[in-house]
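Each reported figure results from applying straightforward, stated rules to the coordinates on display, with no laboratory input. Since we're looking at a predicted model, the values are computed, not measured. Note that we place each Cβ from the backbone using ideal geometry, even for glycine, and neighbour counts take in every protein chain shown.
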Amino acid sequence: MRRILIADDEHNIRHILDFSLHAEGFDVLVAQDGEEAMAMAASESPDLIIMDVMMPGCGGIEACRQLKQNQRTKHIPVILLTARSTREDREAGEAAGAAEYVTKPFSPQKVIDLVQSILGVAHE
């Protein structure tokens, strides 16, 4: 079973993604901020991380950058979620090593489709 780590400081976003991904057969881990996400990524080795850009403390772009610099986590694809949609924001996400950049509000199905595409998992 593929394991997905969700990192978002908003309870509703964590809940929607957790519910949607579980319904598709994924094992889901949940973190509330960038520091917790980085620690969980190193210890749990998820197959993919979905992370909010704007979180208290260490935000998603900085956490993504640090994950990509760590030998234990650099291979894990990261999808960044954000309300910020400027070209500069997208470029910052790409520069940090994110696989995808999804703007809020988003469709849970779009996120599931991206996860399945990145992981090479067929929709069942």
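Data table
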item: Measure of compaction for the chain (Cα Rg per 2.2 N^0.38 Å); result: 0.94
item: Cβ-based exposure ranking for 73, 103, in which fewest neighbours within 10 Å come first; result: 103, 73
item: For segment 47-124 versus segment 1-31, the gap between their alpha-carbon centres in whole angstrom; result: 13
item: Ordering of 57-66, 88-97, 26-35, 105-114 by packing [mean C-beta count within 10 Å, highest first]; result: 57-66, 26-35, 88-97, 105-114
item: Coordinate range along principal axes, alpha carbons of segment 84-124, Å, largest first; result: 36, 22, 9
item: Ranked 78, 53, criterion: other C-beta atoms within 10 Å, fewest first; result: 53, 78
